[in-house]
Structures are given as C-alpha cells and as structure tokens.
Amino acid sequence: MTKEEVRQAVLDIIATIAPDEDLSTINRDAPLREQAGLDSMDFLDIVMELRKRYNVDVPEKDYMELVSLNSSTNYLAPKMADK
Amino acid sequence: MVKKYDAIIIGGGLGGLTCANRLAVSGHKVLLLESHIKLGGLATWFKRKGGHIFDISLHGFPIGMIKTCRKYWSKQIADSIVQLKGIRFDNPQFSFTTTFDKVDFKRLLKEEFSINQEVIDDFFHTVRSMNFFDDQSMTTKELFEKFFPGNDAVTRMLMEPIAYANGSTLDDPAITYGIVFSNFMDKGVFTFRGGTDVLIKAMADILETNGVDVRLRSPAQKILVRDKKVYGVIANGEEYHCDAIVSNANLISTINDFTGASHFDDDFIENVNKVRLNNSSCQVYIGIKKGEKIDYIGDLLFTSTAGKFDSKMLCAKDVTSRTFSIYYPDIRPGTDMYSIVASTNANYDDWADLSEENYQRDKKRLIDTSIDALEKYIPDIRRKIDYIEAATPRTFKHYTRHLRGASFGTKFEGLKVSMELPKQIGGLFHTGSVGIIMSGWLGAVNYGVIVANNVDKHLRKC
Ligand SMILES: Cc1cc2nc3c(=O)[nH]c(=O)nc-3n(C[C@H](O)[C@H](O)[C@H](O)COP(=O)(O)OP(=O)(O)OC[C@H]3O[C@@H](n4cnc5c(N)ncnc54)[C@H](O)[C@@H]3O)c2cc1C
C-alpha cells in the first residue's frame, strides 16, 4: 500500500466507526479525538478493525501514534507497505 | 469427534454476549455456554401470572449506552434507549426532583446546598480529569472532605446513587468514584423502552445472525489447560475444544473452581485471594392490578429514613434506604400494566445461613416494610397491589452463580486480576462486572468489547 492508500484505509475505518461525522474536512495534523468525536472505545475499534482488515497489530503502547490522521499514516505505512 | 471452536464464552451476561458478538463479527467461530435457561445474566426479567413482567436491573444507565449499543449491537437497540426524566431524592436531609445531569447537579449544589460556584466547578473539573492511571491512595471520603468538608448532605447526594449503582463505599478509591460519577451523573439516566426481555431477545437474534453457537442450560464445569494454555471446556459432561476461553462467570470461581489454583503462579493466587466481592441485593417486586393506574410520581426514587449517608447502613438488614423504580406502561408500549421494584443493597451473610422458617419470615418482613415505605409516595398502594414477591442475596446467587450473590462484581483490585489472566494462562480471559469501573450494563458491555479485542489479537497470532 502506498502512503495515500494507507491514509484512505484509516479514513474508511473511521467512517464506519463514526458514521455521522463529516470526514472530508479533517485537518490531518490535528487530533482526531475532537475532530471526529472519537473516544477511547472508538480507538479500540480502529485497532480491532486494522487487525481484521489488514492483519496489522497496534500494541497498546503505540495507541498514541493514532492521535491524528497524519501520525496514524506515518506509523502504519511501514507496517502496511506489503499489504 | 470433539467440537472445535476459536473461542468459547462461558456465561451469557451482557459482558459475555457482547464479547461473543464482537468475536463473531470479527470472523471467529464462537460457542457461548450459559448455565441458566435464558441469556442476560443479571440483565434479566421474570413473568408472573396476571400479565406481570418484572425487570431486575433496568433502573437506569448512563447515556453512553446509546453509542455503545449502536456500535456493538444495532441501531434498533440504540434507538429504543430513552431518558428517565424524574429522578427523586427524599431523605431527612433533602427532598427534590432532578434531571440527574451535570447542569442540574451544579444548580442543586449552589441553590440547595449553598456551595460556592468556584468549589463546584473545581470539583467537577477534578473528578472529570481523574483516570485509571492516577494515584489510587485517595479515598472517596477524602475527596468529599477536600471539597465539601463536613457536609454530610452533599456527600449523600453525590454518593447515594453511585452506591446503589455499583455497591461502592466511601472507602473505595476516589478515582473509581470519579470515573463512574463522570459517566453516570452527567447527562441523565436512561432506560430501554420495551423492557429487558425485548433487549435480550434482540441480542440473541443478532448472535444467531452472526453465527454464534448458543447453548442454554449448559453450565461449564471445567476449563482445560495444557502447557500453560487453554485447550477446551467441559460443560454438561461434554468436551469442547478451542484456542481461547472468555469467562463471564464470577472471576474468583473462574480461577479457583473451573481452572484450579494450581495452574497459576503462587503470587497471582495470593492476589486473587485478596479480591473483595461487592455486596449483594434485595428486591421486592410489586405488580399492580390490571386496570389500576399510578399517578406519575417520578421514575426513580432514592429514598431513605436514615439521618445521613452511611455505606454500612445501606446494606444493613434493618433497611432504611431503598430505591423505587416505577415502571409506567410506556416502558412496554402496547401494555397497560404498572409495576414497582424496590431495591436495597444487602450483605450475603445476613441471609445465607437462615433456617427455611426464618428465611421466609425475613422475606415477609422485607416485603411488609417495603410497602410501608412506599405508602408515603403512593398512599393507596395496598389496595392496588395484585402480586408481590421478594428476592434476596440467596436468589441472586442461585440464578447467576456469583459467589456470595455479588450484584456488582468485585472491588477495584479485581480489575487487575481479570486483565492479567491471559498472562498466567495463554488464551484464558475474563469479562463482566469487575473493579467497580467495569460495572453496570454499560461497564459490562464495554468491558466485553475491550476483552474481545484482546482475544482477537490472541487468536490471530495462533
Ligand atoms: C438488583 C440489581 C440491580 C441492578 N441495576 C442496574 C441498573 O439499574 N443499571 C445498570 O447499569 N446496572 C445494574 N445492575 C448491574 C448490572 O446488571 C450488572 O453489572 C451486569 O448486568 C453484569 O453483567 P456481566 O457481564 O458481569 O454478567 P452477569 O450478569 O453476572 O452474568 C453472568 C452470566 O454467567 C452465567 N454463568 C455463571 N456461571 C456459569 C457457568 N459455570 N457456565 C455457564 N454460564 C455461567 C450466569 O448464569 C450469567 O448468565 C444491577 C444489578 C443488580 C443485582
């Protein structure tokens, strides 16, 4: 997957978890928590969905890497390069 | 041939049901074993002749349940959740009705208790910022002393609903109070329109759609362990194999009875033996005659005749404090029946060893005193009663197999033990009411989701 595809994959997952949010205006560097109204259970759902769809694991100690769209993409890109 | 599953869930309480559903949606092959004749665990109901249906634990839950149900069950379930608007407190120190949200609690603190605005804001800010990783040495009592020194009445308003909701006391850590308070006493109290029976039926249907194999009347007797890993369960004398087990049964029985202490490290078992169970409950179920009505007096009444809040007195057999849940017909649209459930916290030991004769005598006393107390709010209640029955800690123990009839799982230390199970035995997990913060309907469901994530991770590595 290219970096752009990884970003889209993350956005697709967020769209299923927060179906009422408008994701087109997301600031890629700002925290997702406020922008998409995500709580800690939502982040858990993202992690579980990443595992299901792409077989990538995000260990608990790395959860904070998912803070913004850009940090998520940067963190996941190497893990998903061969997907 | 022994049947093989990815995961076996022992117990169909809200935690077990949710965990099973998450794992099935995630693509795993799941077996759910429930010892009772129906799913739901403490989220349950029973029917009696005359058209009465009684809900056991549908008194109210936080708003978070809406989002949680929508994400992990269905939109239809989420859409049936409605707010209970009339929450009443009545005791020798104060008497008022509240919408049970942050705005109203702030107003009450100011107007009823003359607390300074700055102190109020600081209190709400402090409890909201508390989290799991904070210092655990401060007790809830110390928290209240810090903000409202010597003010028993404020302590009562802030503490009594939480004590009823999860059995916590003033000696429990302030952070468990803070986390629960911020969830529960924030945006009102909610309930499920349709009743517990409709909710559990909807969940059972979803499990079926998602391919979960559900077996009722199937008590798990033994968790099978080899080389520090689980490989199966024996239930009803039959053996099932699997790569992961999630027990939604009592935490202590899971370790000591189903698995066996010898499979765990000694210092882990030492911590297990230190885990304190929460208190149990007594309830009186009152069915109103068909055709009779009850004027609206509020949905949930926190009543007490005790001079001040006292955690011990709240569980005492000499009951001074009760909550009344009044179920008007709109909780079950299409019916015209009213019912009332009086609940109190209770100690298992006060009921455990009574002779049959004394047990029946004390149950009758519980019923009589509950009607006496209710007369204050519904003066002609006696004439309207069609059916009445009581449940005690023995009843709760019998139906859910929780040790000592525990209503709300364990005290705080239980959470660590629950979360550390898989480090002791590969593939062994626990979910359900535990550690105060994972308690109640919302806590149990959310913990089911959290544990499902850990199980999924374990299974995908297998
Ligand atoms: C009187 C009362 C009132 C309450 N009121 C409220 C309320 O108003 N709001 C709220 O949010 N919460 C309330 N609660 C708490 C809430 O009901 C519980 O916290 C929650 O339902 C517990 O869910 P759980 O997942 O821990 O499982 P439980 O409900 O404890 O279920 C465990 C399940 O495991 C099964 N089981 C046990 N052993 C075995 C075995 N060996 N094999 C197979 N199955 C087994 C049991 O039969 C049961 O079905 C109340 C509780 C009580 C007792």
Problem set entry | Cross-link partners of B:Lys411 among aspartates and glutamates (Cα-Cα below 13 Å; sequence separation of 8 or more within a chain) | B:Asp171, B:Asp172
For this session: State, to one decimal in nm², a quarter of the convex hull surface area for the C-alpha atoms of the protein assembly as shown, i.e. the direction-averaged projected area.
Result: 26.8
For this session: Just list whichever of B:Lys47/B:Lys376; B:Lys49/B:Lys364; B:Lys67/B:Lys201; B:Lys364/B:Lys384 have alpha carbons separated by over 22 Å in the model shown.
Result: B:Lys47/B:Lys376
Problem set entry | Sites excluded, chymotrypsin sites (Phe, Trp or Tyr not before Pro) in DSSP loops with at most 16 other C-beta within 10 Å, longest stretch of chain B | B:297-462
Problem set entry | Rounded to 10°, Cα long-axis angle of helix A:40-54 versus longest principal axis of chain A | 40
Exercise. Trypsin sites (Lys or Arg not before Pro) within region B:171-234: which are DSSP loop residues with at most 12 other Cβ atoms inside 10 Å?
Worked result: B:Arg217, B:Lys228
Exercise. Which net charge results when you count Lys and Arg as +1 and Asp and Glu as -1 among the other residues whose beta-carbon is under 12 Å from that of B:Ser35?
Worked result: +3
Exercise. Hey, could you pull the Cα Rg and Dmax for chain A, both in Å?
Worked result: 11.5, 32
Seminar exercise, completed: Listed by chain and number, the lysines with an alpha carbon less than 21 angstrom from that of A:Lys61, same-chain partners under 8 positions apart left out, are A:Lys52, A:Lys79, B:Lys416, B:Lys423, B:Lys457, B:Lys461
For this session: Excluding residues on the same chain fewer than 8 positions from B:Lys110, give the aspartates and glutamates whose Cα lies under 17 Å from its Cα.
Result: B:Asp101, B:Glu118, B:Asp121, B:Asp122, B:Asp152, B:Asp186
Seminar exercise, completed: Relative to chain B, whose Cα atoms define the longest principal axis, helix B:152-166 and its Cα axis are tilted in degrees, nearest 10, by 30
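The numbers here are math on the coordinates, done by the rules we state, and not lab data. This one's a predicted model, so the numbers in the text were calculated from it and none came from an experiment. Counting neighbours? That spans all protein chains shown, and the Cβs are built from the backbone with ideal geometry, glycine included.
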